[in-house]
Amino acid sequence: MWSTNCNQPLWALVDCNNFYASCEKLFRPDLAARPVVVLSNNDGCIVARSAEAKALGIPMGEPEFKARPLLLRHKVEVFSSNYALYGDISARVMATLEQLCPHVEQYSIDEAFVRLEGPMAANAGDIAEHLRQTVRQWTGMTVSVGVAPTRTLAKVANHLAKKSSGVYVWNSALPDAAAVLRAFPVREVWGIGWRQSKKLLEIGVTSAWGLREANDVWLRKFLTISGWKTAMELREIPCINEEDGPVPRRTLVSSRSFGEKVYDLASLEQAVGTFTVRAAERLRRQELVAGGIAVHIRTSRHGSRPAFDATAQQPFFPPTADTFVMLQAARKTLDAIYKKGPAYAKAGIMLYDLCPVDCQQGNLLAEATSDKDAHSDALMSALDAINGKFGKGSVRFGAEGPKEAKWHLRCKNCSPSVTTNWKELATAFCR
């Protein structure tokens, strides 16, 4: 139990265990004790492993073809990435936390910081266990909860929680607190990148404790203010605020490598069209508009033929979230950079100069288009609502081309989108 002044807020880091692999197991009870791995785009490398897969020594980032003998020998269940499933399960976990606590900051798809104040801070251990059990009951996901006076120490506490009962409340009064920081590698401290880690190792700082005790002047000079803040947080002095998090998004990228090489302009147009549609949907979901679009195409960097790489962009006047406008601009931009002959391996688009839809600057020289904008907004909202209810791609744009196009990602082992597509609902059998 945490014994502290209940006026001092604490931070609980809630982290889903082995998130992608756990999502795949969620609707497959037959895999409860089986090793599971999830592959990257195009089924290339292993990007997620269940606890059982980790115990087999399957390395993170290993190409699937290299790991295949080990996967077959141990009957490991292999999945292609199913981002629709992962995104929906993440939203359910975050919604659960928001119902239980008033202040939740989502940090990543599988992590969130929860601020505990007053009675919640005074009973941090019980609250953390309640969060863990409720998330498990409501979503089926297992989480670890680390609680501490600062976000950085909450990250450390979460590492310890994963190795224990699932909950760890930091208490500097305990004799082993310093030992924990001495054993914690500095390269794993939240906020310390590899460049900063290299500088620290050069002067003999190898642990979180060494960073905590480092000279403030040196920290500010060589690790800048962010490194100094991290050290202060290890001293239990809160220095990292929500405002210190990522700056507001200014770009949005949608790109993929192709399942097969692409030679013709028509296939490239379909790929770029698909990426544009997906990016526009994400843009509207975040209530943003874009000031322009950039299109990028390239060949493989490996091989005997000379590489080809091209990018071009086109601004929008005024900024927009209309998929039709973006598709027209994307096609025009692609036509300007396409070169006949090369075997294209990847394409993508980037929406740039993003701003909130209610903060965009007006164009005094443009004609009044309020009726047209209202029609566009209504149409986009209707499309998003239909695809949200009946599954992504239920209503498609002609520019996307057929779903079975060869350029699409290899995705041989993709699980059903059981939570986001009515046609792929899980089937239950009663015996």
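The values are calculated or read from the model by the stated rules, or taken from the named source; none is laboratory data. Bear in mind that the values here come from a model prediction, so they are computed numbers and not experimental data. No Cβ is skipped: glycine too gets one built from the backbone with ideal geometry, and neighbour counts run over all protein chains shown.
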Might you check whether a residue that is under 30 Å from ALA294 (Cα atoms) and not charged (D, E, K, R) occurs anywhere in region 185-205? yes
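Does ASP384 fit the bill of being modelled with pLDDT under 70 and among the acidic types (Asp, Glu)? Working first, answer last.
On the way: modelled with pLDDT under 70: no; among the acidic types (Asp, Glu): yes.
No; evaluated as a whole, the condition is false for this residue.
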Being among the small types (Gly, Ala, Ser), under 27 Å from PRO402 (Cβ atoms) and either touching a Ser or Thr at 6+ places or on another chain (Cβ under 6 Å) or in contact (Cβ under 8 Å) with a residue 60 or more places away in the chain (or both), is that true of even one residue in region 317-328? no
Sort out which residues of region 100-128 are touching a Phe, Trp or Tyr at 6+ places or on another chain (Cβ under 9 Å) and more than 13 Å from VAL14 (Cβ to Cβ), and write them in order of number. ALA121, ALA122, ASN123, GLY125
What about VAL325, is it surrounded by 12 or more Cβ atoms within 10 Å (Cβ to Cβ), at pLDDT below 85 and closer than 19 Å to VAL289 by Cβ? no
Quick check on GLY259: is it within 30 Å of HIS296 (Cβ to Cβ) and outside the structural domain of GLY341 (by the TED database)? no
Considering residues of region 22-56 that are surrounded by fewer than 16 Cβ atoms within 10 Å (Cβ to Cβ) and of a type in the set (Lys, Arg) only, the residue farthest from the chain's Cα centre (by Cα): ARG34
All positions within region 65-111 that are among the hydrophobic types (A, V, I, L, M, F, W, C), more than 29 Å from ASN241 (Cβ to Cβ) and free of Cβ contacts under 8 Å to residues at least 60 places away in the same chain: PHE65, ALA67, LEU70, LEU71, LEU72, VAL76
Mind listing just one residue for me: the one in region 396-431 that is without any contact (Cβ under 8 Å) to a residue 40 or more places away in the chain and not in a loop (DSSP other than H, G, I, E, B) and, of those, nearest to LEU265 (Cα to Cα)? GLY398
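Which ones in region 128-169 are in a helix (DSSP H, G or I), of a type in the set (Ser, Thr, Tyr) and buried (at least 24 other Cβ atoms within 10 Å of the Cβ)?
Our first condition is that a residue be in a helix (DSSP H, G or I); within region 128-169, this holds for 128-139, 151-163.
Now narrow it down to the ones that are of a type in the set (Ser, Thr, Tyr): 134, 139, 152.
Result: THR152, single match.
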Those residues of region 310-349 that are closer than 16 Å to ALA279 by Cβ, part of a loop (DSSP other than H, G, I, E, B) and of a type in the set (D, E, K, R) come to a total of 1
